[in-house]
Amino acid sequence: MRPAMSAAVLRRVVKKRQALCFLALTTTLLLSACASVPMASRDADAAGKTFAPPPPGSATLYLYRESIFGAAYSLALSVGQRNLGALAADTWFRIDVEPGTYDVRCTTPEASGSQSVQIASGETRFVEAAIRMGFVAPRCAVFEVAPEKGRSAVTGGKRAQEIH
């Protein structure tokens with residue numbers, strides 16, 4: 001027969017179980033709070049990850065969001081006057097454009113960020129859209145990254161569906 005637990009030991013066991021339940025509930029809530037966006041087909045995702053060169057006379061932009069920070073929010077993206085749609089964490093777009101200079105813009109409920117990207121015929125460039133801390137809601141920033149970093153992020157993510 002086991003000896004009875006002391007009241008102090010019993011309180012510690014109960015507190016540990018409460019802490020574990022709180023941690024499990026918090027983790028579940030955080031994981032379920034992730035933003036979702038329309039996704040491209042598996043074929044489109046696989047095709048984009050081959051990093052095929054742009055069509056003749058064109059250039060290619062990959063725009064991606066890698067961070068899990070701010071996962072409950074999506075970022076609206078546009079290139080020039082072209083609205084692409086929204087990116088959630090670990091998603092990306094590939095677009096073919098005419099050579100030129102483009103204003104790449106992200107938008108959140110609180111603010112927007114932009115970056116001018118100049119791209120020549122035959123080039124492929126990578127632009128990251130990232131969530132930043134805001135006062136009430138998150139802010140965003142866009143910036144061009146090295147091809148190696150961009151390829152790695154695209155390979156690890158999933159292609160979002162561009163709005164038309």
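Any read-out appearing in this document is the output of simple, stated calculations on the displayed coordinates, not a laboratory observation. Remember, predicted model here, so these are calculated numbers, not experimental data. Positions of Cβ are generated from backbone atoms using ideal geometry, with glycine treated the same way; all protein chains shown enter the neighbour counts.
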### Query
R0 = 35 Å: FRET efficiency of residue 161 with residue 110, Cβ-based, nearest 0.05?
0.90
### Query
Tally Lys and Arg at +1 and Asp and Glu at -1 over the other residues with C-beta under 15 Å from the C-beta of residue 79: what net charge comes out?
-2
### Query
Which order, highest average first, do 37-44, 129-136 follow once you tally other Cβ atoms within 10 Å for each residue and take the mean per peptide?
129-136, 37-44
### Summary
By the mean-Cβ-within-10 Å protection proxy, highest first, 45-56, 82-93, 98-109 rank as 82-93, 98-109, 45-56
### Task
Determine the sum of side-chain charges near residue 108: Lys and Arg each +1, Asp and Glu each -1, restricted to other residues whose C-beta is under 14 angstrom from that of residue 108.
+3
### Message
Let's test the formula: R0 of 41 Å, r as the Cβ-Cβ distance of residue 120 and residue 12. What FRET efficiency results, to the nearest 0.05?
### Response
0.05
